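Single-structure report; data block below.
Computed from the coordinates by the stated procedures, all read-outs in this text should not be read as laboratory data. If you're wondering where the values come from, they're calculated on a predicted model, not measured in any experiment. Positions of Cβ are backbone-derived with ideal geometry, glycine not excepted, and every protein chain shown enters the neighbour counts.
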Amino acid sequence: MGGSYELVRTDDAAGHVLDLEAGRCAAVYPKGGGGGGGGIAPPPVPSPPSSPASARQRLVSLDVFRGITVLLMILVDDAGAFLPAINHSPWDGVTLADFVMPFFLFIVGVALALAYKRVPNKLEATRKAILRALKLFCVGLVLQGGFFHGVRSLTFGIDMEKIRLMGILQRIAIAYIVTALCEIWLKGDDDVDSGFDLLKRNRYQLFIGLIVMITYMGFLYGTYVPDWEYRISVPGSTEKSFFVKCSVRGDTGPGCNAVGMIDRKILGIQHLYCRPVYARSKQCSINSPQNGPLRPDAPSWCQAPFDPEGLLSSVMAIVTCLIGLQYGHVIVHFQKHKERIMKWLIPSFSMLILAFSLDFFGMHMNKPLYTVSYALATAGAAGLLFAGIYALVDMYGHRRPTAVMEWMGTHALMIYVLIACNILPIFIHGFYWREPKNNLLRLIGVGA
């Protein structure tokens, strides 16, 4: 892959393109046809031959941060079933696994600030951004839509009437395109000499984030959720119907929230995730917080499909990406390490304090709903972690201890597709001796 994030002055770079496969920003000449992708090699960038001030320095910390997030994702996916403390929270509350998605969104925002440092042609940049978002969305449909049937199955294919429409990459694509358009079209041209100047320069982006947040809260707490019914296939019978009594407004419980209702109305319940996280809650599972048999008195909504990456919750995900964008602006406009770190630490601690205050007063942190308190808490944590990694790697130059994380960060999408989405195990499973059960995965104990 060509290039990485470059800490260069504006007049040193020929152009900036975001490589979605590696999620990196490279100082390269735009290639015709629209897209960043693999195999782009950056040509030499003109710069004064012997000027120390113009020497380019990679922003390694962002790759390391992404690599840590990838490792965290693999850890919680593989070990979450055995260690409930790190698995996704069944509903309210935040665990280690619940930081993965916001961290990725935050990283995308930071990357976009560097990728669109200079935008000579806004229409062309918009076209390429839309194209990249569509590619990412389509990849997500294939990987998480149900096309692959799991490590233990050699079959594939999906009934289009039941394909899951939303997912992790689809959410990232939505947040990416909105944030990219904000950076392309709503970036001011004011001079930046202080933090206030930076806020003033990006005031329209901040206004969009505020509008998105208010719109989300209006839908979550103001939408009336009527009673509803769903059907699922049950072993030994064709279908079983369940009736969920709601008739409420502003409920944030698993069965009667506006997030689930909007997904059922717009996407259709047959296109939602069929293994909802709340099935592990105390109301539903005997073995809570792990999966287990339903309690005898389990509520009727316990088996209802619910998409943790649904439409309304993805609206709030845009806010996380916009926050990351503002952290990226600090890199672009401020040159001193300590100045950058201070401008990251202050908003990070502020968001954490506000998040815990909201949670204390009843607006609980909730990953499936992507509540405001959850968005602020995870963005604040991301800002603190990024500042710490930046100080360690880019400020003090300790790259050797983080070399593995850096490599994982520069190959994040490949690792996600092959490992997290089980494409590599499925591929290996396809080679067997006489019977499908006699395969290498069985030998090493994977998917057995």
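Could you tell me the calculated FRET efficiency between residue 162 and residue 240, based on Cβ-Cβ distance and R0 = 25 angstrom, to the nearest 0.05? Don't skip to the answer; put the middle values down first.
On the way: r = 17 Å, r/R0 = 0.69.
Once rounded, the FRET efficiency stands at 0.90.
Using R0 = 56 Å, the C-beta based FRET efficiency linking residue 203 and residue 435 works out to 0.30. Counting only the backbone N, which residues of the stretch 188-211 are under 20 Å from the spot 7 Å out from the Cα of residue 339 toward its beta-carbon? Label zone hits: 188-203. For the peptides 214-225, 186-197, residues were scored by their other Cβ atoms within 10 Å and the scores averaged per peptide; the highest-first order is 214-225, 186-197.
With a ≥ b ≥ c the root eigenvalues of the C-alpha gyration tensor of the stretch 120-237, is it rounded (a/c under 1.5), prolate (a/b larger than b/c) or oblate? Numbers along the way, then the final one.
Values: a/c = 3.65, a/b = 1.75, b/c = 2.09.
Verdict is oblate for the stretch 120-237.
Protection proxy ranking of 70-76, 275-281, by the mean of other Cβ atoms within 10 Å over each peptide's residues and highest first, is 275-281, 70-76.
Of 135/265; 162/437; 128/200; 117/187; 122/336, which ones are farther than 19 Å apart at the Cα? If you can, show how the numbers build up before the last one.
Working: 135/265 26 Å; 162/437 28 Å; 128/200 28 Å; 117/187 10 Å; 122/336 30 Å.
Check vs 19 Å cut-off fails for 135/265; 162/437; 128/200; 122/336.
Under 18 Å from a label point set 7 Å out along the Cα-to-Cβ vector of residue 423, the amide N atoms of the stretch 121-140 belong to 132-140. Taking label positions 7 Å along the Cα-Cβ direction at both residue 194 and residue 247, the computed distance is 5.8 nm, reported to one decimal.
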